[in-house]
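Asker: One structure, as structure tokens, below. Some questions next.
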Amino acid sequence: MTVRTRYAPSPTGDPHVGNIRSAVFAWAMARANGGQFLLRIEDTDRARLVPGSMDAIFESLRWLGIDWDEGPDVGGPHAPYVQSERLHLYQAAASELIAKGRAYRCFCTAERLDAMRASQTAAKRPPGYDGLCRGIDAAESESRAKSEPFVVRFRMKDEGQTVLRDLVRGEIVFENALQDDFVALKSDGFPTYHLAVVVDDHEMEITHAIRGDEWVSSAPKHLQIFEALGYEPTLFAHLPLIVGVDRKKLSKRSGDTALLDYAKKGYLPDAMLNFLTLLGWSLDDKTTIISRETLLKSFTVERVVPNPAAFDLDRLNFLNGQYIKQLTDEQWEAVVREWAERDLPGHILRPLDEDLVRQVAPLLRDRVGTLSEVAPQIEFLFGGAAPEYPKELLSERLGGEHMEALRVVDAALLALDAVSPELWVKERIEAAIRGMEEPLGMKLRKFASVLYVAAMGRAAGIPLFDSLEILGRERSLDRLRRARGLLE
RNA sequence: GGCGCGUUCGUCUAGUGGCCUAGGACGCCGCCCUUUCAAGGCGGAGAUCAGGGGUUCGACUCCCCUACGCGCUACCA
């Protein structure tokens with residue numbers, strides 16, 4: 001049996017990280033077993049449609065490098081892959097269920113249903129459909145259907161148990177008597193999720209339904225529809241939720257929830273994939289860095305843990321750093337260029353100076369957590385203007401002694417002016433600056449910050465000697481003179 | 001309220017009856033390295049395995065109860 005899994009999001013906005021994590025697992029499951037992975041859009045709720053969601057779904061998957069074999073954009077043997085284009089299938093299934101006595105038309109109005117629930121709640125009874133329309137006979141049902149709006153309700157069994165054999169959680173038993181008749185086909189002719197997922201998973205030959213934990217409680221509905229329609233049910237794997245570090249459902253409060261926000265913030269797709277992969281799944285007791293290849297080779301749902309996982313940004317940041325280190329020099333340089341082009345202020349001319357980018361890229365590698373940190377660190381190298389900074393910054397690490405800072409700047413001016421233009425290389429610059437220790441009676445460690453600030457406008461960043469070399473002799477001396485001007 | 005799921009260091013997790021005086025990783029702390037910031041190296045603190053009962057020669061691992069958290073309880077998915 002070929003494994004076929006799917007990711008079936010609703011186009012109701014930008015895909016959430018938790019949702020995408022389900023896609024990762026479903027995809028990995030298919031690939032690890034040499035099967036197929038498909039994308040299906042579940043747009044049966046017209047009220048919640050958000051324009052542009054489809055593109056956001058495509059973009060999210062592509063960014064992570066998740067590919068699909070069948071889907072709305074690439075087609076496939078079970079096209080269309082958008083539920084709103086498959087209504088006839090659900091309507092046919094609903095008719096079949098009615099004919100088999102496993103579903104019935106319900107003419108109850110929204111008002112009656114609301115009132116019913118209100119009184120049930122008031123009486124501290126569990127809310128649920130009271131079965132008023134269950135007994136309507138076929139003839140009456142047919143005739144009322146011609147003039148009254150109706151929904152099709154699935155008739156859940158009254159006795160016995162429905163057993164879900166979940167691949168992650170094991171056996172879960174539901175009492176049929178506690179299940180209530182749910183709407184399978186809405187009055188607008190659209191199916192609810194319950195009907196649509198069963199019809200499509202069967203029709204598309206899905207073998208494993210891999211989805212979020214929030215679906216566990218409706219699994220008996222799905223199981224009973226499969227049975228009523230005479231279909232072999234899919235296997236089920238319910239994935240643990242992803243929660244915030246506060247243990248609450250991941251929300252805006254706990255950080256960004258849309259996958260693409262992380263792309264914008266400067267995370268590498270491979271790092272994100274690694275992070276998501278290990279949220280609820282593990283390869284063994286040691287692996288924390290796992291390649292795409294390994295994941296796609298060794299994923300098994302048996303190793304999915306059942307408990308919710310917290311989205312820990314510290315871990316993501318760590319992984320991002322690891323993946324940055326893994327890039328080749330060429331790849332890293334391209335990333336630096338891309339983010340610098342993107343984030344550097346608009347007044348700096350594009351395209352950016354190739355040589356500067358090439359020289360500075362290696363120095364950035366160990367100093368960047370997310371890619372959005374690239375531009376602020378190298379801005380001082382680009383554009384004609386010297387960086388702006390408050391003069392207090394110059395002496396900040398000298399206990400605020402402006403005169404001391406001035407002595408340092410003067411000594412540096414003297415020492416660096418002595419380095420000839422043709423010898424303006426890191427080693428010579430370093431020697432000149434180290435030579436300042438004695439006359440100044442100060443350790444380099446002590447006075448370096450003055451020079452960092454003078455050169456780049458900040459006390460921390462890429463190494464000083466490299467900065468000055470890349471900056472060039474004239475610009476370096478000029479910035480020292482400006483610092484001197486501020487201190488006087 | 002009902003039903004369901006979950007509960008191992010702050011976090012992600014390993015662990016399927018003895019290998020566990022519970023392992024790894026992130027984070028945290030300290031030291032080293034060091035021109036800043038990082039990175040790196042080394043070391044450390046950190047979990048009586050939610051609590052309580054069983055079963056067993058033996059339980060983190062099996063069973064029951066309790067507590068807490070979460071999910072579902074729509075003509076939303």
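Asker: Where does the charge balance sit around A:L229 when Lys and Arg score +1, Asp and Glu -1, over other residues with C-beta under 9 Å from its C-beta?
Answerer: So the surrounding residues net to 0.
Asker: Are there chymotrypsin sites (Phe, Trp or Tyr not before Pro) in segment A:197-231 that DSSP puts in a loop and that have at most 15 other Cβ atoms within 10 Å, and which ones?
Answerer: A:Y231
Asker: Between A:S84 and A:D261, what is 0.36 nm times their sequence separation minus the Cα-Cα distance? Round to one decimal in nm.
Answerer: Answer, rounded to one decimal: 60.9 nm.
Asker: Okay, moving on. Which peptide among A:17-27, A:183-193 comes first, and what is the full order, when sorted by highest mean count of other Cβ atoms within 10 Å?
Answerer: Highest mean packing first, the order is A:17-27, A:183-193.
Asker: For a Förster distance of 30 Å, can you work out the FRET efficiency between the beta-carbons of A:E338 and A:R303, rounded to the nearest 0.05?
Answerer: Efficiency for this residue pair is about 0.25.
Asker: Next question, about the same structure. Expressed as a rounded percentage, what relative contact order does segment A:86-239 have, with Cα pairs under 8 Å and six or more residues apart?
Answerer: Taking the mean separation of contacting Cα pairs over the length of segment A:86-239, I get 25 percent.
Asker: Let me ask something else about it. Quote to one decimal, in nm, the extra length available between A:H347 and A:I172 on full extension: 0.36 nm per residue of separation minus the C-alpha distance between them.
Answerer: Using 0.36 nm per residue and subtracting the Cα-Cα distance, I get 56.8 nm.
Asker: Dipole magnitude of segment A:86-239 about its Cα centre, charges +1 at Lys/Arg Cβ and -1 at Asp/Glu Cβ only, in debye to the nearest 20?
Answerer: It comes to approximately 360 debye.
Asker: Per the Kirkwood definition applied to all pairs of different Cα atoms, how many angstroms is the hydrodynamic radius of chain A?
Answerer: Final number for the Kirkwood radius of chain A is 27.2 Å.
Asker: Continuing with the same structure: Could you size up the charge dipole of chain A around its Cα centre, putting +1 on the beta carbon of Lys and Arg and -1 on that of Asp and Glu, and report it in debye to the nearest 20?
Answerer: Rounded to the nearest 20 debye, it is 960 debye.
Asker: So for chain A, averaging the separation of alpha carbon pairs under 8 Å that are six or more residues apart and normalising by length, what relative contact order in percent results?
Answerer: So the answer I get is 12 percent.
Asker: Which net charge results when you count Lys and Arg as +1 and Asp and Glu as -1 among the other residues whose beta-carbon is under 12 Å from that of A:G400?
Answerer: -2
Asker: Related question: Loop only by DSSP, 16 or fewer other Cβ within 10 Å of the Cβ. Give me the trypsin sites (Lys or Arg not before Pro) in segment A:81-137 that pass, ordered by residue number.
Answerer: A:K100, A:K124
Asker: Could you list, in their original order, any pairs among A:K124/A:K157; A:K249/A:K325; A:K249/A:K286; A:K186/A:K248; A:K391/A:K443 whose Cα atoms are separated by more than 30 Å?
Answerer: Distance filter (> 30 Å) returns A:K249/A:K325; A:K186/A:K248.
Asker: Next up: May I ask you to evaluate 6.51 cos²θ - 1.76 cosθ + 1.60, the Karplus curve with θ = phi - 60°, for each residue of segment A:52-57 and list the ³J(HN,Hα) values in order in whole Hz, giving x for glycine and proline?
Answerer: So the J values, rounded to whole Hz, are x, 4, 4, 5, 5, 5.
Asker: A further question follows. Between A:E388 and A:T288, what is the FRET efficiency for a Förster distance of 41 Å, r being their Cβ-Cβ separation, to the nearest 0.05?
Answerer: 0.45
Asker: Same structure again: Which net charge results for the neighbourhood of A:W63, defined as the other residues with beta-carbon distances under 13 angstrom from its beta-carbon, given Lys and Arg at +1 and Asp and Glu at -1?
Answerer: -3
Asker: To continue, here is another question. Loop only per DSSP, at most 16 neighbouring Cβ atoms within 10 Å: give me the trypsin sites (Lys or Arg not before Pro) in segment A:433-476, ordered by residue number.
Answerer: A:K443, A:R458
Every number in this text was worked out from the coordinates using simple rules, so none of it is lab data. On a predicted model such as this, the values are computed, not experimentally measured, just so you know. Reconstructed Cβ throughout: ideal geometry from the backbone, glycine too, with neighbour counts over all protein chains shown.
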